[in-house]
Structures are given as C-alpha cells and as structure tokens.
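Here's the structure we're looking at; comments come further down.
The values are calculated or read from the model by the stated rules, or taken from the named source; none is laboratory data. As the structure is a computational prediction, the values presented were derived from the model and not from experiment. As a convention, Cβ positions derive from the backbone with ideal geometry for all residues, glycine included, and neighbour counts pool all protein chains shown. Heads up: the accessible areas ignore ligands, DNA and RNA and are worked out on the full protein's heavy atoms, side chains in. Shrake-Rupley method; radii C 1.70, N 1.55, O 1.52, S 1.80 Å.
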Amino acid sequence: MNNVVSLDGFIADLHDDPGPLFEWYFNGDRTLAAQDMDDPAPGGLRVSQTSYDYVRPVWDSIGCMVIGRHLFDITDGWEGRPPTGDHVVVVSHRPRPEGWHPEAAYHFVDDVTAAIATARELAGDRTVSVAAGDVGGQALALGLVDEVAMDVVPVVFGTGKRYFGSVETQHLLDDPDVVVQGDRVLHLRFKVRGPRT
C-alpha cells in the first residue's frame with residue numbers, strides 16, 4: 001500500500017486536490033523515466049537523485065496496481081496507460097466505461113479481496129501496489145497488505161481524504177525498514193504486523 005501523504009495523514013483535500021503533495025515530483029534534475037526509456041517521464045516528473053534512487057526501483061518492481069473507482073475517474077485511468085506496472089485492477093461496482101480504451105490492461109472487479117487476488121495473478125512474481133485511501137484501508141483491514149509505503153511531505157492539511165481511508169481498528173507496523181530523505185519528501189516503508197487485538 002502506498003501514496004504521497006501529508007504530515008497529518010491526508011492524501012488530498014476534501015475536493016481531491018493534492019495541493020503541494022506532488023511538488024517533490026517536479027523539484028529535481030533527474031527524470032523518472034525508466035533507464036532503458038528514451039521517452040520523457042510521464043507528466044514531466046523530475047525528482048532529486050536521492051528520490052530517483054528510491055522511487056525508480058520501486059516502480060520497476062510493480063507488476064499490477066489496485067485502485068478504487070474514484071481514483072480511476074479522477075485520473076481517467078491515466079488514459080489507459082498504467083503509471084507503473086503492466087496492469088491496473090479497479091475496484092468498482094460499475095463496469096469499464098463503454099468505449100474507454102478497449103485495449104488497455106485494466107480489469108474491473110467489484111470486491112477488494114477478489115481485486116487483490118486478480119492483481120497477484122496478473123503481477124506474477126512482481127509486486128502488487130495498492131493505492132492508499134478507501135481501497136487501501138479496506139485491504140489493510142482485511143489483512144491483505146504486507147507493507148505500508150509513505151512519501152511524507154512537510155505540509156499539514158487539517159482535513160481531507162485519509163491515507164488509511166475509514167480504517168477504525170488499530171494496526172501495528174514494525175519500525176520503518178526504509179527511511180530516505182529526499183528534497184521536500186521523506187520516503188518511509190513499514191512492514192505490517194496486523195490488527196491489534
């Protein structure tokens with residue numbers, strides 16, 4: 001499970017605006033394009049060398065993303081091109097929009113557990129990345145998240161869309177096994193122990 005997050009745990013404001021959360025994606029001199037790609041990074045992403053050294057291998061390890069329908073609708077599914085990995089599984093009770101990029105490797109599944117199972121199959125031996133927010137929180141509550149990754153930005157939102165969605169049970173995480181200080185971002189990764197009983 002991963003996302004960019006404010007210090008107080010929000011991935012966007014109440015109107016889905018990430019505000020300054022993504023500024024670190026544009027404040028460096030290293031393009032986030034894969035090393036074997038001549039094309040510029042999607043959206044002109046340029047980060048510090050430190051963030052590149054952390055983010056690029058993580059993105060390269062992803063085989064499939066799991067996202068919610070809300071994120072799909074906001075981004076228009078990145079116009080049928082997964083931002084990382086080869087496939088995207090969308091948790092949604094609505095089917096793929098009629099006529100929307102029929103060739104895109106997007107799969108619409110109406111249940112979080114089934115979505116994770118589908119993503120694992122599609123990812124093969126690569127990583128399944130679950131977007132934070134409501135779907136990520138549901139996956140965490142169901143015990144389907146092994147690791148929590150946060151790109152923490154030094155901003156306080158006060159209110160907004162929560163990183164863990166509507167999770168109401170305490171979950172224990174191990175101490176961070178990755179701590180990388182980038183430029184205006186702190187990259188953290190924690191192994192998940194499980195719900196606290």
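Checking residue 61 against (1) at pLDDT 95 or above; (2) more than 30 Å from residue 193 (Cβ to Cβ); (3) of a type in the set (Gly, Ala, Ser); (4) open to solvent by 30 Å² or more (accessible area, probe 1.4 Å), only one condition comes out false. Which one?
The single condition residue 61 does not satisfy is (2).
Which members of segment 154-188 meet the condition of being open to solvent by less than 30 Å² (accessible area, probe 1.4 Å), closer than 16 Å to residue 51 by Cα and in contact with a strand residue (DSSP E or B) (Cβ under 6 Å, 6 or more places away or on another chain)?
178, 185, 187, 188 - these are the residues of segment 154-188 that are open to solvent by less than 30 Å² (accessible area, probe 1.4 Å), closer than 16 Å to residue 51 by Cα and in contact with a strand residue (DSSP E or B) (Cβ under 6 Å, 6 or more places away or on another chain).
Select from segment 135-153 the residues that are out of contact with any Phe, Trp or Tyr (no Cβ under 9 Å at 6 or more places or on another chain) and under 14 Å from residue 2 (Cα atoms) and write down the one among them that is surrounded by the fewest Cβ atoms within 10 Å (Cβ to Cβ).
Only one residue fits best here, namely 146.
Out of the residues in segment 112-134 that are in contact with a helix residue (DSSP H, G or I) (Cβ under 9 Å, 6 or more places away or on another chain) and surrounded by fewer than 18 Cβ atoms within 10 Å (Cβ to Cβ), state the one that is farthest from residue 164 (Cα to Cα).
This residue is 126.
Quick one: what pairs do we get from segment 158-171, first residue free of Cβ contacts under 8 Å to residues at least 60 places away in the same chain and farther than 12 Å from residue 135 by Cα, second open to solvent by 80 Å² or more (accessible area, probe 1.4 Å) and outside any loop (DSSP other than H, G, I, E, B), C-beta under 8 Å, 6+ apart or different chains?
Filtered contacts from segment 158-171: 171/193.
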